[in-house]
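The values are calculated or read from the model by the stated rules, or taken from the named source; none is laboratory data. Please read these numbers as outputs of a predicted model, since none were measured by experiment. With ideal geometry, Cβ positions are generated from the backbone for all residues, glycine too; neighbour counts draw on all protein chains shown.
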Amino acid sequence: MGLEYDSLMELIEKIEKAGALVVKVNFPSAEEIISPGGWDWEFGDGKMGSRLSEFEVVRTEFYRSLRSYLSGLEENEAKIYSLEDVVTYNVQHTTREGGIPGTQPAWPTGQDNFDKCLESKDWPEDIYLKALEYIRRKSRDEGIDAALRLEGDNLDGLLVPLQSDGGAACSVAAKAGYPVITVPVGINNIGVPFGIGIIQTAFKEHLLVRYGSAIEDLIGRRMVPRFLNLEADNYPYVGTPPEKASLL
């Protein structure tokens, strides 16, 4: 199934030989909040572009938090006080900041996520609260916490692949606000690093440090990643490249 899968399975065998018990567990809400195509923060309730996705929470909190932060600065020479100001600035200085799609190779799609965040500023509060409740419940009670319970016992952590699954499995920790530790394992055939992660419930960081350190000792020396994406124009964007925009 590939170099990454084989390497991770070999590591699991090493962990078991070192004395650990590794068992397979069910993640009850996996099909509802983990995209089958890899990490996608607009995936929720089992579908793309859901109003119950992580992004519905992020876009609202980002808009509000940024305004609060910028308005509290003691010095603000550029007079940028909100996301609206940031978007305007990026457009006015698009050759440097990439506000307009296609004018800066580092941001080929411009500031599309900023634009989406602006869309949510006037939405009813219920949209945000409903998504927040759903994500927390599905990632915590019906997700990580449920998977950590095994026949009355609490597991020491959930092992998940990193990079090799498109980052989807480890994303549930971010949704829940729970701790996760990552341990590099190796690099694939084009130089991209991959590893393994351990997820725990709230306030269990000490377990992650303990077992993460033990796994790192088992891995020993590893190759230094030397990833060169020669096919990308300074940015490995997904999908069709945006058309080159003319400067205003």
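Structure above, values below:
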quantity	calculated
Matching residues, segment 141-176, being without any contact (Cβ under 8 Å) to a residue 40 or more places away in the chain and closer than 17 Å to PHE43 by Cα	CYS170, ALA173
Boolean, GLY212 is outside any loop (DSSP other than H, G, I, E, B), of a type outside the set (Ser, Thr, Tyr) and not assigned by TED's automatic domain parsing to the domain that holds ILE15	no
Unique match (being free of Cβ contacts under 8 Å to residues at least 24 places away in the same chain, out of contact with any Pro (no Cβ under 9 Å at 6 or more places or on another chain), of a type in the set (Asp, Glu) and farther than 30 Å from ASN189 by Cα) among GLU56, GLU74	GLU74
Residue under evaluation ALA176, criteria (1) among the small types (Gly, Ala, Ser); (2) modelled with pLDDT under 95; (3) under 30 Å from LEU155 (Cβ atoms), criterion not met	(2)
Scope segment 1-29; condition assigned to a helix (DSSP H, G or I), among the hydrophobic types (A, V, I, L, M, F, W, C) and in contact (Cβ under 8 Å) with a residue 12 or more places away in the chain; matching residues	LEU3, LEU8, LEU11, ILE12, ILE15
Any hit, segment 233-245, residues being small (Gly, Ala, Ser) and modelled with pLDDT of 90 or more	no
Qualifying residue in segment 125-146 (condition: part of a loop (DSSP other than H, G, I, E, B) and not hydroxyl-bearing (Ser, Thr, Tyr))	no
Filter pass, TYR211 being more than 22 Å from ILE135 (Cα to Cα) and either of a type in the set (Ser, Thr, Tyr) or free of Cβ contacts under 8 Å to residues at least 24 places away in the same chain (or both)	yes
Count of segment 32-53 residues which are of a type in the set (Asp, Glu) and modelled with pLDDT of 95 or more	2
Out of ILE199, ILE187, ILE215, sole residue that is under 17 Å from LEU11 (Cβ atoms), at pLDDT 95 or above, under 22 Å from the mean Cα position of the chain (by Cα) and surrounded by 15 or more Cβ atoms within 10 Å (Cβ to Cβ)	ILE199
Every pair of residues 6+ apart whose Cβ atoms lie under 6 Å, when the first sits in segment 35-48 and is farther than 18 Å from VAL160 by Cα while the second is assigned to a loop (DSSP other than H, G, I, E, B) and not aliphatic (A, V, I, L, M)	GLU42/GLY49; GLU42/SER53; PHE43/SER35; PHE43/SER53; GLY44/SER50; GLY44/SER53
Options ALA168, ALA146, ALA131; residue that is in the same structural domain as GLN200 (by TED's automatic domain parsing) and of a type outside the set (Ser, Thr, Tyr)	ALA168
